[in-house]
Structures are given as C-alpha cells and as structure tokens.
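Engineer: Quick one: this structure, given as structure tokens, is what I'll be asking you about.
The values are calculated or read from the model by the stated rules, or taken from the named source; none is laboratory data. The structure displayed is predicted, hence computed values, not measured ones. Cβ atoms come from the backbone with ideal geometry, glycine included; neighbour counts cover every protein chain shown.
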Amino acid sequence: MNIFEILRESHEIQRDLSEKLLQTSGDSPERHELFKQLKNELFAHETAEDRYFYIPLMMTDSGLSITRHALAEHHEMDEMIEELSETDFSNPGWIAIAKKLSDKVHHHLKEEEHSFFQQAGKILGEDQKTALAVQYKNEYQRYKDMKKDMLVQS
Ligand SMILES: [Fe+2]
Ligand SMILES: [Fe+2]
C-alpha cells in the first residue's frame with residue numbers, strides 16, 4: 001500500500017462521521033459519541049499526515065506551497081473542533097458550527113485527493129511512498145490506541 005491509498009482510508013471515515021454528526025440533535029448521546037469519534041479521527045489522521053506526508057514534502061521547494069496551505073487548513077479544523085467542544089451541545093448554534101466543520105473537512109479532503117496527491121506523486125519517489133505509508137500507519141494507530149486507552153480509563 002502506498003501513502004495515498006492509506007491516507008484515503010481515514011478520509012472516508014472522516015466524511016462518514018462528519019455527515020452523521022449533522023444528523024444528530026441537541027445534547028444527545030449520539031451527538032457526544034459521533035463528535036468524540038470525529039475529533040479522535042481528525043486528530044490521529046492530521047498528526048500522522050503532518051509528520052509522514054507533509055513534513056517530507058515541505059523539505060522540497062515544489063512541495064512548500066501545498067504544504068503550507070494544508071497545514072493551515074488542519075489548524076482551521078482544529079479550531080472548529082475546539083469551538084464545538086466549548087459550545088453547549090444543546091445550543092441551537094452548535095449544528096451551524098458542525099456544518100461549517102463538515103464543509104471544511106469535505107473541501108480539504110477533496111483538495112488533497114484531487115490536487116495535492118497528484119503534485120506529491122511527482123515529488124516523492126516510489127520507495128518513499130511505500131515507506132511513508134508504514135510510518136503514517138504506525139503513528140495513526142498509536143493515536144487511535146491512545147484515545148481508546150483514555151476512554152477505558154474514563
Ligand atoms: Fe488527509
Ligand atoms: Fe489533511
């Protein structure tokens with residue numbers, strides 16, 4: 001498996017979770033559960049993607065611009081997640097922020113899949129694409145496991 005194939009796996013999960021989250025209402029267990037899942041998925045994916053996809057690209061001149069753009073969007077999504085955490089789940093405005101996040105997630109993933117991956121495909125070597133997939137997967141899994149442990153403890 002190469003880095004692009006493995007990144008897409010989490011993208012599908014993110015699309016699914018962000019759409020399901022918009023179907024929830026009020027301070028419900030479903031909203032809490034889906035929000036937690038989306039937050040954990042975004043965190044694990046963004047962290048591993050920053051470290052094992054964007055940072056190597058950032059070291060090249062041709063990868064600099066897409067990398068800056070993508071990292072800025074990761075930051076924007078983090079801020080929306082934080083805004084949702086700080087807003088009362090029963091607040092009628094909550095879903096509007098969730099919609100803004102879902103739109104951003106969809107926009108970001110589409111841009112990665114339809115533009116950044118093609119550009120990165122020309123920058124990274126074949127061996128690097130496979131090696132980064134292994135490193136990404138380990139890091140992603142490490143954060144997913146960490147969240148599970150935290151859930152068990154709480
Ligand atoms: Fe991604
Ligand atoms: Fe991303």
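Engineer: Condition check: touching a residue at least 60 places away in the same chain (Cβ under 8 Å) and part of a helix (DSSP H, G or I). Does residue 37 satisfy that?
Structural biologist: no
Engineer: Across the range 70-93, what is the number of residues that are over 19 Å from residue 133 (Cα atoms) and either in contact (Cβ under 8 Å) with a residue 24 or more places away in the chain or touching a strand residue (DSSP E or B) at 6+ places or on another chain (Cβ under 6 Å) (or both)?
Structural biologist: So the count comes out to 12.
Engineer: Pairs needed: first member in the range 120-141, within 23 Å of residue 44 (Cα to Cα); second member anywhere, of a type in the set (A, V, I, L, M, F, W, C) and surrounded by fewer than 18 Cβ atoms within 10 Å (Cβ to Cβ); C-beta distance under 6 Å; at least 6 residues apart or different chains.
Structural biologist: What qualifies is 133/1.
Engineer: Report, by residue number, each residue of the range 60-96 that is buried (at least 16 other Cβ atoms within 10 Å of the Cβ) and either within 13 Å of residue 22 (Cα to Cα) or modelled with pLDDT under 95 (or both).
Structural biologist: 84, 89, 94, 95
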